[in-house]
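J.: What follows is a single structure, and I will ask about it in a moment.
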Amino acid sequence: IIPAGQFILGGDKFDDSHKVALFKPIAVSTKPITFGEYNLCVQEGDCLKNIYKYSVNDRSFGEIIANPYPPEFPAIYISYTQAKEYAKWLSKKTKTSYRLLSEAEWEYAAKAGQKTTYFWGNDPSRASRFANCANCSDSQMIELLKTGLYEPNQFGLYDMIGNVWEIVEDCWTTKLGRKAYIGTAYTKDRCKTITIKGGSYLDEIKNIYPEARKPLRTYYKNNNTGFRIASDLNYNK
């Protein structure tokens, strides 16, 4: 459970960074959604099968291969639409409303109350204990890894930076000033490009941090993007 609070969206990375207040706690999945979790939705016919042309080590065989990764790996080759389908299926399955996080919620969760560059401090040389990236460790190959191998942040969340970029609800905009000051997602009709956060195993340590963001077409899927979900908490007054 992520507590209510406030922070500076964009930190010191952008000219139009600003304070955002999140007034209610939310529940957030502690790890990115895995192949094992996503495939339960596929088996019930509510999610599209994630099919792609790569093997476990990402070498193309020129043919379609489905789900070569073990079930504990983060589900990749998932589009924004597929991520939404999964949240809808899980909501129906559990009778609890699930959704994607807004960019503000995601960044707040990734910062975990810290004001340093990374949740473990400002020293990138310590990254080998906390994140999977292209140069986080001298001994680590550049490859996707299963979820939960590294130490969690102060909110108990794993892999918030590195391993996979994560899809959020927001439509893409280069202007953080358009973002709501109460942390809701920036949306518009017929959004064709959405936002992904945090960096992946293909990125160097200098490019993975809570404020890291880039655009992704809603239909696009690749080998270093996944997602996690959230649920609003309702309390009896």
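Readers should treat all values here as calculations from the given coordinates under stated rules, not as data from a laboratory. Small disclaimer: the values here were computed from a predicted structure and weren't measured. Note: ideal-geometry Cβ built from the backbone for every residue, glycine included; neighbour counts use all protein chains shown.
J.: Out of the trypsin sites (Lys or Arg not before Pro) in region 62-154, which ones are loop residues according to DSSP with at most 12 other C-beta atoms within 10 Å? Walk me through the intermediate numbers first.
T.: Details: sites: Lys84, Lys88, Lys92, Lys93, Lys95, Arg99, Lys111, Lys115, Arg126, Arg129, Lys146; in loops: Lys95, Lys115, Lys146.
For trypsin sites (Lys or Arg not before Pro) across region 62-154 that sit outside H, G, I, E and B with at most 12 neighbouring Cβ atoms in 10 Å, the list reads Lys95, Lys115.
J.: Excluding Thr187 itself, calculate the net charge of residues whose Cβ lies under 13 Å from the Cβ of Thr187, where each Lys or Arg counts +1 and each Asp or Glu counts -1.
T.: +3
J.: Continuing with this model, one more query. Per DSSP H run of n ≥ 4, the term is -39500 (n - 2.57); total these for the chain, divide by its residue number, and report the mean residue ellipticity at 222 nm rounded to 500 deg cm²/dmol. Could the numbers behind the result be given before it?
T.: Working: 3 runs with 33 residues, N = 237.
The helix contribution divided over the chain gives -4000 deg cm²/dmol.
J.: Calculate the length of the line joining the C-alpha centroid of region 15-43 to that of region 104-130, in whole Å.
T.: Using only Cα atoms to place each centre, the spacing works out to 16 Å.
J.: Does a label point 7 Å from the Cα of Thr94, set along Cα-to-beta-carbon, have any residues of region 16-42 with amide nitrogen under 14 Å, and which are they?
T.: So the set is 26-34, 37-38, 40-41.
J.: How much length, in nm to one decimal, is gained on full extension between Gln140 and Ala180, taken as 0.36 nm per residue of separation minus their Cα-Cα distance?
T.: Length gained, Gln140 through Ala180: 10.5 nm.
J.: While we're looking at this one, here's another question. With +1 on the Cβ of every Lys and Arg and -1 on the Cβ of every Asp and Glu, and nothing else charged, how large is the dipole of region 86-237 about its Cα centre, in debye rounded to the nearest 20?
T.: 780
J.: Separation between the Arg126 and Tyr219 pseudo-spin-labels, each 7 Å from Cα along Cα→Cβ, expressed in nm?
T.: The modelled label-to-label distance comes out at 4.5 nm.
J.: Fewest first, what order do Val20, Val42, Val164 take by the number of other Cβ atoms within 10 Å? List each step's numbers first, then the result.
T.: Details: Val20 24, Val42 20, Val164 30.
Going from least to most buried by this count: Val42, Val20, Val164.
J.: Another one. Going by C-beta contacts inside 10 Å, put Cys191, Cys171, Cys133 in order with the fewest on the left.
T.: Fewest to most other Cβ atoms nearby, the residues stand as Cys191, Cys171, Cys133.
J.: Moving on to the next point. If each residue's Cβ is checked for other Cβ atoms within 10 Å, how do Glu103, Glu166, Glu44, Glu85 rank with the fewest at the top?
T.: Fewest to most other Cβ atoms nearby, the residues stand as Glu44, Glu85, Glu166, Glu103.
J.: So the label point goes 7 Å from the Cα of Leu48 along Cα→C-beta, right? Which residues of region 204-237 then have their backbone N under 11 Å from it?
T.: Counting backbone N atoms under 11 Å from the label point, the list is 218-221.
J.: Where does the charge balance sit around Phe130 when Lys and Arg score +1, Asp and Glu -1, over other residues with C-beta under 12 Å from its C-beta?
T.: Charge balance in the 12 Å sphere: -1.
J.: While we're on this one: Mean separation of Cα pairs under 8 Å and 6+ residues apart, divided by the residue count of the chain: what relative contact order is that in percent?
T.: Once divided by the residue count of the chain, the mean separation gives 27 percent.
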